[in-house]
Amino acid sequence: MTAKEHLHQMHVHESEFRTALADHHEDKAEKCRQAGMTPDQEFHKSMAKELRRSADYHGKCAASMAEAASAEKAAQNRIAPDRVSSVATSDAPIGIKAVPRIGAPAMPSAIDKAAIPAQFSHLISSMEEND
């Protein structure tokens, strides 16, 4: 599940939950009206109104996340993988030396230790220890 799909589901759940709460407060407001409890009726009416507004917001977010997820999937289907021939181009400037990975074959040329600045000499010594 992608983040967009998760957010879509979360917003759908929140919208449904807040709609159910708004329905509950509207029922309570009606019962308070019938019982003559005006302050409680106003409270439940205002809660229902705010919950409806919040449910609408989450509904719009869910629709937006669903649209973004489908657009992302469509874009992924259009992307064709390229052949990558190398990480470094063949026209790399002279003097650039690749640092081999552990287990990689040794580099064909020797290192000119005199050309290495003193601040990097510890790197060369650690490479020699690993050989």
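Read-outs throughout are calculated quantities, based only on the coordinates presented, and are distinct from any laboratory measurement. In this text the structure is predicted, and so the values were computed from the model without any measurement. When we count neighbours, we look across all protein chains shown, and the Cβ atoms used for this are built from the backbone with ideal geometry, even at glycine.
What the table below lists for this structure:
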| read-out | value |
| --- | --- |
| Residue-count net charge about residue 62 - beta-carbon cut-off 13 Å; Lys, Arg +1, Asp, Glu -1 | -2 |
| Calculated FRET efficiency for the pair residue 17/residue 71, C-beta based, R₀ 25 Å, to 0.05 | 0.40 |
| Label-point separation, residue 9 to residue 63 (7 Å along Cα→Cβ), nm | 2.3 |
| Computed FRET value (nearest 0.05) for residue 78 with residue 50, which takes r as the C-beta separation and R₀ as 30 Å | 0.10 |
| Estimated translational D of region 3-78 in µm²/s (Stokes, Kirkwood radius over Cα pairs; 37 °C; 0.692 mPa s) | 238 |
